[in-house]
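All remarks here apply to the structure that follows.
What follows is calculated from the coordinates using simple rules that are stated; it is not laboratory data. Nothing here was measured: the structure is a model prediction, and the numbers come from that model. Ideal geometry is used to build each Cβ from the backbone, glycine not excepted, and the neighbour counts take in all protein chains shown.
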Amino acid sequence: MREEQMVPMIPRQTVNMTDVAQRCGVSIASVSRALRGEPGVSPATRDRIMSAARELAYVVSPEASRLSGGSTGRVGVVVPRIDAWFYATVLAGVAGEFDAVGVDLVLCTLPDSSARHRFFEALPLRRKVDAVIIVSVPLSARERTRLDQLGVPTVQVGGHHPTGGRPWVGIDDELAASQAVGHLLRIGHRDIAMIQAVDQEGTAWAADEARIRGFHDQMTAAGVAEPTVVRVPWGIDGGAHGMETLLSRSRLPSAVFCHSDEIALGALRTLRKAGVAVPQQISVIGVDDHPSAELSELTTVAQPVREQGRLAAVSVLGALQDDGGAMPARTTLPTRLVIRNSTAPPH
């Protein structure tokens, strides 16, 4: 029986900033600034340093960088979920900016109140990221305080406008609803119902609350005191069930305002199955301009979703680059009415 010879493992040599600096003939400080994308390094020197770092397979250690008082090169992005068009599109806008400058995105999803509670009590992102972007997460006073305790720049996308000067990027959801309902009123509708999204846990979502206000303000101004409202869980299935409820009533409204395009798409599905002609018998309008809205000829109010993510990323990167320099307290992007074939004057 042949005896196998044990070959000792040779540990891989660790490459550090000193090695990169010696390869390029520059100071360690110059290497640090170049790798972090900071000013004070000429483009030619930066290119030389980046090339040497790649050749030496140098990788910045986020933990070592943090312990030395430097940046981790990571930004946390907190979203309720990723299996929905709005959140995925915001993330795409954020990721595009981060990829361009080599910043890593740390994703945290908080799908329900229990997950939100665990997250804000544990603060798992503490000392692990340089900044945080919060996307439409409903925050309690306690959660806002805990967020401040992270001690890093924070930007919110959508949701309630933050207090304390934290930057916010989003749209005016109340105005978006007013634009949608205003269009229906202008073309002659008065019997307008609303299919409203509700949270099954009873959590108040800022966008939903604002769209409710926009609907009722427009209806009150038109002299309609008690319009029909159907409350459903958010999503296509919710919209389908909401329209089923309206169809089961003795009188069909002439038009329906839906809280989102997903709800409107579900409503259209039910109407199609029931043989109710759109817009000849009933008009349907949504909000968001989901990619499927155009395919379904859905009239809607468009919002620039990817741009919200992009601007949030730009704000965070600007804060890190300028050492916490001033950013706009609020950036409200415009919405616009997109008229398609799901709305028409009542017959």
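I need the calculated FRET efficiency for the pair ALA277 and ALA329, taking r as the beta carbon distance and R₀ as 35 Å, to the nearest 0.05.
Efficiency, rounded to the nearest 0.05: 0.15.
What does the extension gain come out to for SER140 and ALA222, with contour length at 0.36 nm per residue minus their alpha carbon separation?
This chain segment gains 26.0 nm when fully extended.
Take the alpha carbon gyration tensor of segment 259-314, find the square roots of its eigenvalues, order them as a ≥ b ≥ c, and report rounded if a/c is under 1.5; if not, report prolate when a/b exceeds b/c, else oblate.
Here segment 259-314 falls in the prolate category.
Compare the peptides 87-98, 257-268 by average per-residue count of other Cβ atoms within 10 angstrom and give them in order, highest first.
Ranking, from highest mean packing down: 257-268, 87-98.
Non-local amide H neighbours of VAL77 (under 5 Å, H modeled in plane, Pro and chain starts lacking H): which ones?
VAL106, LEU107, CYS108, ILE133
Rounded to the nearest 0.05, what FRET efficiency do ARG336 and ARG249 give with R0 = 45 Å and r taken as the Cβ-Cβ distance? Could you check?
0.85
For VAL41, which sequence-distant residues (separation of 5 or more, or a different chain) have an amide H within less than 5 Å of its own amide H, given hydrogens modelled in the peptide plane?
none
In the chain, which helices (entire DSSP H runs) extend 15 Å or more along their own long axis, judged by Cα positions, while averaging at least 1.6 on the Kyte-Doolittle scale?
Both cut-offs are met by no helix.
Can you list the residues, at least 5 places off or on another chain, whose amide H is less than 5 Å from the amide H of VAL301, using H built in the peptide plane?
Excluding prolines and chain starts, which carry no amide H, the hits are GLY286, VAL287, ASP288, ASP289, VAL338.
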